[in-house]
1. So D125 ticks every box in (1) buried (at least 17 other Cβ atoms within 10 Å of the Cβ); (2) over 26 Å from P18 (Cα atoms); (3) among the acidic types (D, E) but one. Which box is left unticked?
2. From the list E78, E69, E109, E102, which residue is of a type in the set (D, E) and in contact with an Asp or Glu (Cβ under 7 Å, 6 or more places away or on another chain)?
3. If R139 passes every condition in (1) closer than 28 Å to D31 by Cα; (2) over 16 Å from the mean Cα position of the chain (by Cα); (3) buried (at least 19 other Cβ atoms within 10 Å of the Cβ); (4) not hydrophobic (A, V, I, L, M, F, W, C) but one, which one does it miss?
4. Got a sec? Which of K134, K105 is closer than 22 Å to R41 by Cα and buried (at least 16 other Cβ atoms within 10 Å of the Cβ)?
5. Output the residues belonging to the stretch 13-42 that are within 17 Å of N104 (Cα to Cα) and of a type in the set (S, T, Y).
6. Pairs please, first residue from the stretch 37-50 and closer than 17 Å to W144 by Cα, second anywhere and among the charged types (D, E, K, R), Cβ atoms under 6 Å, 6+ apart in sequence or on different chains.
7. Are any of the residues in the stretch 76-98 over 24 Å from F160 (Cβ atoms), surrounded by 13 or more Cβ atoms within 10 Å (Cβ to Cβ) and modelled with pLDDT under 95?
8. Is there a residue in the stretch 24-43 that is within 13 Å of the chain's Cα centre (by Cα), surrounded by fewer than 16 Cβ atoms within 10 Å (Cβ to Cβ), more than 30 Å from D125 (Cα to Cα) and among the acidic types (D, E)?
Amino acid sequence: MAKDRLRGAMEFRSSPPPSGDDAATLAWLRDRTLIGDLYNRYAYGVDSIDMDLVRSVFHPDCVVVGTMEKGGLDDYLEGLEDGLAMYHATMHFKGNQYIELEGNKAFVETWVVGYHMEAPGSPLDHLKLGLRYKDEVTRCGDDWKISRREAVLQWHTGPFPRPALGEPPYPRKPHRSARES
């Protein structure tokens with residue numbers, strides 16, 4: 001039987017801490033914490049549809065290979081915001097994460113589960129996605145930014161992509177108050 005590509009070996013592994021150098025170990029721990037925080041900020045930004053916060057985790061020249069399209073950061077964020085606005089709520093969880101540090105670059109593989117909830121009374125089932133982010137990350141001053149993202153769909157339940165159902169409330173349009181706050 002052919003090997004299932006979705007279950008193939010991960011490309012990246014976590015790098016071990018430096019040995020015998022306390023300052024290098026502290027820097028390694030700091031970098032890992034800052035990199036891990038990118039994904040916490042991303043999930044919070046996505047779930048609150050705070051696109052400025054989402055943008056803050058990416059390098060301006062980032063290329064995104066998503067589950068539905070490929071391109072530059074601006075196009076990705078515009079499509080992401082439009083897609084998120086269709087749902088009553090979303091909630092993303094970061095699972096296993098592997099960080100391989102190499103100086104001012106890092107390779108990160110993060111497993112994520114995203115819940116996309118339909119509004120009460122929707123004829124559609126809720127969407128649940130299992131994703132794997134395969135990211136190249138670059139040091140930018142004292143912070144880190146995602147410079148290339150590949151989102152790999154592992155599994156889903158519910159309609160994907162979400163079908164448009166016509167006039168409101170489907171697809172749901174963003175509330176004016178949410179954009180002004």
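The values are calculated or read from the model by the stated rules, or taken from the named source; none is laboratory data. Because the structure is predicted, anything quoted here is derived from the model rather than measured. With ideal geometry, Cβ positions are generated from the backbone for all residues, glycine too; neighbour counts draw on all protein chains shown.
1. Answer for D125: the failing condition is (1).
2. The unique qualifying residue is E109.
3. (3)
4. K134
5. Hits for the stretch 13-42 are S14, S15, T25, T33.
6. Y39/K94
7. Looking through the stretch 76-98, at least one residue is over 24 Å from F160 (Cβ atoms), surrounded by 13 or more Cβ atoms within 10 Å (Cβ to Cβ) and modelled with pLDDT under 95.
8. Checking the stretch 24-43: at least one residue is within 13 Å of the chain's Cα centre (by Cα), surrounded by fewer than 16 Cβ atoms within 10 Å (Cβ to Cβ), more than 30 Å from D125 (Cα to Cα) and among the acidic types (D, E).
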